[in-house]
Amino acid sequence: IMSDSERFEVPDPDLILRARGPPNRDFRVHKLVLSLASPVFRGMFSLPQPTTPHQGESDAAQIDVVEVTDAPRALDTILRMIYPFEPPTFNGNLDGLVECLVVADKYEIKGAMSRLRGALSRLTTSKALRVYAIASRFEFADIAESASRHILTSVNLTGIPQLPEDFGVVPATTYHKLVRAQANRLETVVDIINRTPLQSYADLILRVRGPPKRDFRVHKLVLSLASPVFKRMFTPSRPTTPTQGSSRESDVAQIGVFIFPDPPRALDIVLRMIYPFQPPNFGDNLDVLVECLDIAEKYEINGAMSRLRGALSRASASEALRVYAIASRFGFTDIAESASCLILPSLDLTGIPRLPEDFESVPATIYHKLVRLNRHYLEAVVEDIDGTPFKTGCYSCPGARRFTEEVFRARLARIIMMGTPAEFLPCFRVWVKTYGLNTDCETDCVRKFIRAAISRVGKQLNSPVTPSPARRKSILKNA
């Protein structure tokens, strides 16, 4: 793209294209040239246009003016393509190229569109992902296909933190098509590896008795690099077992066989983490995640352990209790602490009928610590509520004293911590019925108490619903 110092100038213009920048610019051009290049301009010039005095001429000599909303630099570049000037260069500037494509597409300037298409195709290798989005937007099918081939072999689409902005104007279906193509490609590669190539080049079979029974054909070198346990295992001489197949394979090609007690599904996932395959997605399936953690810990596969740790940290908040148990078991202190912050204000641990099975592998001392934290956390919230006007207020009816009993105040604390104001009114009716409060007490005491409690807790916790992170740390520290 030309610099601002290289101004677009032509002699004897009969039209001004006024681009509303910033910066604003007037381009003095010829209607004939623009009409030949663009059917849109040709139709535009058939309509009457406002005029303005030409610089250096009298008011009698006037020139038509057309105001456009296009970016001045992009319009400058397109005009240089229309006129017989030296062609502009983009030097990998995709932002400028996109601006020019927008202008060329808007005015249907086929000549400029063709040259811009060529410039885009030359960036397929270096900026494949952006080129794919731009080519899809402007329907350059061949360029999009070329870029996609490069993407499928060099970019992990599911691992990109954020897509380029060019995808903001591309339909989701277009991107999904690319994702599915990569997934299909990876599945094909895995299928090929699991069949002919690994049967030909693998030097080890990991045999799982199941159910279901399964053989994994792998490479000692790869496993040894990933796991010191595997490395030690492969060092001594081991007896070999002929692989199933033709007689020639049985007689000539023999590879080692190791029997493994691990679950086939989990071993498959861990092997995919060791090899350069597409990473698995666990979702909320914590059972499989725990099986994989067992294998990664057993064989000291640090790379897989790190990825599994990340998957556990992303588990759903609804599974916080299980996450706490799993993280405690495998020594993920930070994840256990984060899970406890979700558990403390939302669960009454002493009221849970049955703990998740994950706690079978967790020492009782760890669970006891969580129970104590849960109790201290609740007591701290109740202490905040106890300072409200209700405690020293009206006790005109017998039910009011019972209303302040510890168990009930504990329930109230949870509603204030985790509920929403819209949930309070239905609770009033239950409280009135349960504790025999009369209507006046409901109006004058209970509502007053709730509002004061919300105000007090809200000021101390920075939120009437959920405690702030600073408040959580304060409560945990005091506990």
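What follows is calculated from the coordinates using simple rules that are stated; it is not laboratory data. These figures come from a predicted structure and were not determined experimentally. Positions of Cβ are generated from backbone atoms using ideal geometry, with glycine treated the same way; all protein chains shown enter the neighbour counts.
Please report, in debye to the nearest 20, how large the charge dipole of the range 57-127 is about its Cα centre when each Lys and Arg carries +1 at its beta carbon and each Asp and Glu carries -1 there.
Dipole of the range 57-127, to the nearest 20 debye: 680 debye.
Can you list the trypsin sites (Lys or Arg not before Pro) in the range 103-192 that are in a DSSP coil and have 14 or fewer other beta carbons within 10 angstrom?
In loop regions of the range 103-192 (DSSP not H, G, I, E or B), the sparsely surrounded trypsin sites (Lys or Arg not before Pro) are Arg122.
With only Lys, Arg, Asp and Glu charged, each at its Cβ (+1 for the first two, -1 for the last two), find how big the charge dipole of the range 132-177 is about the Cα centre; round to the nearest 20 debye.
That gives the range 132-177 a dipole magnitude of about 140 debye.
Less than 13 Å Cβ to Cβ from Ile295, Lys/Arg counted +1 and Asp/Glu -1: what total charge do the surrounding residues give?
With Lys, Arg at +1 and Asp, Glu at -1, the neighbours total -2.
Please find the FRET efficiency linking Glu139 to Phe277, where r is the Cβ-Cβ separation and R0 is fixed at 35 Å, and quote it to the nearest 0.05.
According to the calculation, E is roughly 0.55.
Calculated FRET efficiency, Asn184 and Arg209, Cβ-Cβ r, R0 41 Å, to nearest 0.05?
Using R0 = 41 Å, I get an efficiency of 0.80.
For Lys298 and Lys369, calculate 0.36 nm times their separation in residues minus their Cα-Cα distance, and state this gained length in nm to one decimal.
22.8 nm
Starting from the Cα of Arg20, step 7 Å along the direction of its Cβ; do the same at Lys106; then give the gap between the two resulting points in nm.
1.1
Let's test the formula: R0 of 30 Å, r as the Cβ-Cβ distance of Asp95 and Arg42. What FRET efficiency results, to the nearest 0.05?
The computed FRET efficiency comes out at 0.50.
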